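Each remark here refers to the structure printed beneath this line.
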Amino acid sequence: MHMHNERGIALVLALFLVSALSVLGASLMFLSQTEAYASMNYRMMSQARYAAEAGIQKASNFLLDPTQYLPPTAADLLNPANCNRNVSPVTCGGAEVILSASATKASNYPVAAVQTAYNAAGQGTLTAGNVTLTYGSYARLVGLQTFESYGGGSGVTETWEIVADGGLTGSPNATVEILALIETPKVPASSYGAFGTDTTCGALGFGGSVTVNSYDSSLLTGATAPSAANGMTNAGGDVGTNGNLTITGSADVGGKLYTPRTGVGACTNGANGAIDGLTEGGSATVTGGMVKLPAAVTYPSPTLPSQSVLPAVSLSSGGTSATTCALLGLVPGTSAEVTAGTAQCNVTGSTITIKGSGLVLPSVSLSSHIDIRLVANSPSAQYNFNSISLAGGSTIGVTATTSTQGVTLGIIGKDNAGAAIATPVDFTGGSQTAVSGCATCSNYDASMLQLIYAGTGQIKIGGTADTVMTVYAPNALFTLSGNGAVYGSLLAKRVNDTGNASIHYDRRLLHDYWVVGHPMVGTFTWQRY
């Protein structure tokens, strides 16, 4: 028996067990430290990212705030002698256009004051507990386009790529870079059958047996009227407002209601300005329901010339070219001379023909079945009246030779002394008539006659005859009465249609007229380095 040879084995086993437990304890300790370091790293990364996001927001606020940054002009980025906007990124003096508040990128912008202002706005610090966060950014202009904005003037769209770095003071390894794009798109100016820019109840008001639907005039020629057989449909008869649609009677909107408001109800303006988007009564319906806009839609006011200083003119039958044209301040001539462009005005029987573009005319009242014809052109010929009213069965129409031509009827809205006219457009006693002189044109092409008005007065259209035109009057009150339908699009501060005058939206307008839309932030990416 040699049992004494196993003496001390318990001690050896105990030592092995203690060693194993020591290793396990050390592993757990290092694991807990790793978790602590991971948590600290995540916190630092999150703080750095939030700092970089602050840089993106500060840069965005600068570029979207007109008090800090004005759109490009012919004196700077739109100057083709120095800047090339046909490439991406846009270049000036052969180098990329940069606004910088970062030490890693130098500024290259043709206006020194803008560079200085961005440098101050695009960088800064934040405090998170006992940690100081820093951010800096730069913006690269990757796209710049100009277009003729509906209502007059030039529209400018910009696309900026913003790069922002965020970090922690004293920790050079905790840095996050974020990239975002800010794009200002151009959007259709006439994308609704009717739009009310007002923010209150009844910005749109439909009653009676009004129907809002749509058609496409590009499918029509001559006097052929829109019908279900050639594209007339309830789909696409959309309306919109920054406020509320009040619809009563048997009115039917064959499309959607677009508004930043929500809710269906009585639309009582509360103390906080909250109102319902839709108020319904009777058997009225909005077929497509409501679609919430992200924000109120802003339409720019048209740019129109100063008023004519000639006194108001009332025209009736029996006038001659010499007398009538002189009252309008135009050069008289024969029909052939007007066609050739050597004269501006001709009177033949009860028809007054005017040709030109940019003409400024006094307040004109037509009566006794007088027909005034405005000669179209491409781009649209613009005729600016102080005001215009139709009575006694008089008409206003367009003379064209091709379907690419058009007329812009600018309403200045002031008399010859400069005083505002309460009702600068009154078509309740007369009507708009069909296009003449063009075999390929459609009498229902709303793009051929555009009525533009910047003021706050009232526009009245009524009677039994149909009206084919596009109305762009974002500050005006529009009243539609009678039984005659409107083919085209209506945009005003408030649109009131409580009779039996239906609105048929011309879908062709989606491709013809544009305005600058709301800026959008997209392509948001980030990385840690």
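The values are calculated or read from the model by the stated rules, or taken from the named source; none is laboratory data. The structure displayed is predicted, hence computed values, not measured ones. With ideal geometry, Cβ positions are generated from the backbone for all residues, glycine too; neighbour counts draw on all protein chains shown.
Name every residue in segment 1-37 that is assigned to a helix (DSSP H, G or I) and modelled with pLDDT under 60, in order of residue number.
Met3, His4, Ala36, Tyr37, listed by residue number.
Say whether the condition of being touching an Asp or Glu at 6+ places or on another chain (Cβ under 7 Å) and surrounded by 18 or more Cβ atoms within 10 Å (Cβ to Cβ) is met by at least one residue in segment 355-368.
Among the residues of segment 355-368, at least one is touching an Asp or Glu at 6+ places or on another chain (Cβ under 7 Å) and surrounded by 18 or more Cβ atoms within 10 Å (Cβ to Cβ), which makes the answer yes.
Can you find even one residue in segment 446-468 that is over 29 Å from Pro71 (Cα atoms), assigned by TED's automatic domain parsing to the domain that holds Thr353 and in contact with a helix residue (DSSP H, G or I) (Cβ under 7 Å, 6 or more places away or on another chain)?
Yes, that holds for at least one residue.
Suppose we keep only residues that are of a type in the set (A, V, I, L, M, F, W, C) and not in a strand (DSSP E or B) within segment 80-93. Which one would you say is nearest to Gln115 (Cα to Cα)?
Restricting attention to segment 80-93, the residues satisfying the condition of being of a type in the set (A, V, I, L, M, F, W, C) are 81, 83, 87, 90, 92.
Filter once more, keeping what is not in a strand (DSSP E or B): 81, 87, 90.
Numbers: Ala81: 21, Val87: 22, Val90: 16 Å.
Among them, the one singled out is Val90.
How many of the residues making up segment 421-441 are under 13 Å from Asp466 (Cβ atoms) and not in a loop (DSSP other than H, G, I, E, B)?
Residues flagged as under 13 Å from Asp466 (Cβ atoms) and not in a loop (DSSP other than H, G, I, E, B) within segment 421-441 amount to 3.
Might you check whether a residue that is buried (at least 21 other Cβ atoms within 10 Å of the Cβ), over 17 Å from Gln57 (Cα atoms) and assigned by TED's automatic domain parsing to the domain that holds Gln57 occurs anywhere in segment 74-82?
Yes, because at least one residue in segment 74-82 is buried (at least 21 other Cβ atoms within 10 Å of the Cβ), over 17 Å from Gln57 (Cα atoms) and assigned by TED's automatic domain parsing to the domain that holds Gln57.
Being surrounded by fewer than 23 Cβ atoms within 10 Å (Cβ to Cβ) and part of a strand (DSSP E or B) is the filter here, so list the residues in segment 453-473 that pass it.
Gln458, Lys460
In segment 487-503, what count of residues is obtained for those that are more than 23 Å from the chain's Cα centre (by Cα) and either free of Cβ contacts under 8 Å to residues at least 24 places away in the same chain or within 17 Å of Gly237 (Cα to Cα) (or both)? Give the steps one after another, and end with the answer.
Restricting attention to segment 487-503, the residues satisfying the condition of being more than 23 Å from the chain's Cα centre (by Cα) are 497-502.
Right, trim to either free of Cβ contacts under 8 Å to residues at least 24 places away in the same chain or within 17 Å of Gly237 (Cα to Cα) (or both) and you get 497, 500-502.
The number of residues fulfilling the criteria is 4.
Only residues that are part of a strand (DSSP E or B) and at pLDDT below 90: list them for segment 94-111, please.
So in segment 94-111, the residues part of a strand (DSSP E or B) come out as 95-96, 98-100, 108.
None; the set is empty.
With the checklist (1) touching a Leu at 6+ places or on another chain (Cβ under 9 Å); (2) at pLDDT 90 or above in hand, flag the one item Tyr299 doesn't pass.
Of the numbered conditions (1) touching a Leu at 6+ places or on another chain (Cβ under 9 Å); (2) at pLDDT 90 or above, the odd one out for Tyr299 is (2).
Pairs, please: C-beta under 9 Å, at least 6 apart or cross-chain, first residue more than 14 Å from Thr132 (Cβ to Cβ) and in segment 165-182, second modelled with pLDDT under 75 and hydrophobic (A, V, I, L, M, F, W, C)?
If the second residue must be modelled with pLDDT under 75 and hydrophobic (A, V, I, L, M, F, W, C), the pairs left are Val176/Trp526; Glu177/Trp526; Ile178/Phe524; Ile178/Trp526; Leu179/Phe524; Leu179/Trp526; Ala180/Phe524; Leu181/Phe524.
If a residue has to be in a helix (DSSP H, G or I), free of Cβ contacts under 8 Å to residues at least 60 places away in the same chain, more than 19 Å from Glu158 (Cα to Cα) and not β-branched (Val, Ile, Thr) to count, how many in segment 112-137 make the cut?
4
Name the single residue, out of those in segment 224-255 being of a type in the set (A, V, I, L, M, F, W, C) and in contact (Cβ under 8 Å) with a residue 12 or more places away in the chain, that is surrounded by the fewest Cβ atoms within 10 Å (Cβ to Cβ).
Ala235
Residues are listed down the side, and each one gets a yes or a no for (1) closer than 30 Å to Val297 by Cα; (2) buried (at least 18 other Cβ atoms within 10 Å of the Cβ); (3) small (Gly, Ala, Ser):
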site	(1), (2), (3)
Val87	no, no, no
Ala117	yes, no, yes
Gly124	no, no, yes
Ala128	no, no, yes
Leu133	no, yes, no
Ala164	yes, yes, yes
Thr175	no, yes, no
Ile178	yes, yes, no
Ile182	yes, yes, no
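If a residue has to be farther than 21 Å from Gln307 by Cα and either part of a strand (DSSP E or B) or among the β-branched types (Val, Ile, Thr) (or both) to count, how many in segment 376-385 make the cut? Reasoning before the result, please.
We begin by selecting, within segment 376-385, every residue farther than 21 Å from Gln307 by Cα; these are 376-379.
Subset that is either part of a strand (DSSP E or B) or among the β-branched types (Val, Ile, Thr) (or both): 377.
Going through segment 376-385 one residue at a time, the tally reaches 1.
Does at least one position in segment 206-223 carry a residue that is among the charged types (D, E, K, R), modelled with pLDDT of 90 or more and either buried (at least 23 other Cβ atoms within 10 Å of the Cβ) or closer than 30 Å to Gly437 by Cα (or both)?
yes
Looking only at strands (runs of 3 or more DSSP E) that lie completely in segment 312-362, which have at least 3 residues being within 23 Å of Gly437 (Cα to Cα), of a type in the set (Val, Ile, Thr) and within 40 Å of the chain's Cα centre (by Cα)?
Ranges flagged: 351-354.
For segment 177-221: of the residues being among the charged types (D, E, K, R) and part of a loop (DSSP other than H, G, I, E, B), which is farthest from the chain's Cα centre (by Cα)?
Restricting to residues being among the charged types (D, E, K, R) and part of a loop (DSSP other than H, G, I, E, B), the top hit is Asp216.
State yes or no: is Thr224 closer than 28 Å to Ser403 by Cβ and part of a loop (DSSP other than H, G, I, E, B)?
Judged against the criteria, Thr224 is a match.
Out of segment 328-343, which residues are within 22 Å of Ser394 (Cα to Cα) and touching a Pro at 6+ places or on another chain (Cβ under 8 Å)?
Leu328, Gly329, listed by residue number.
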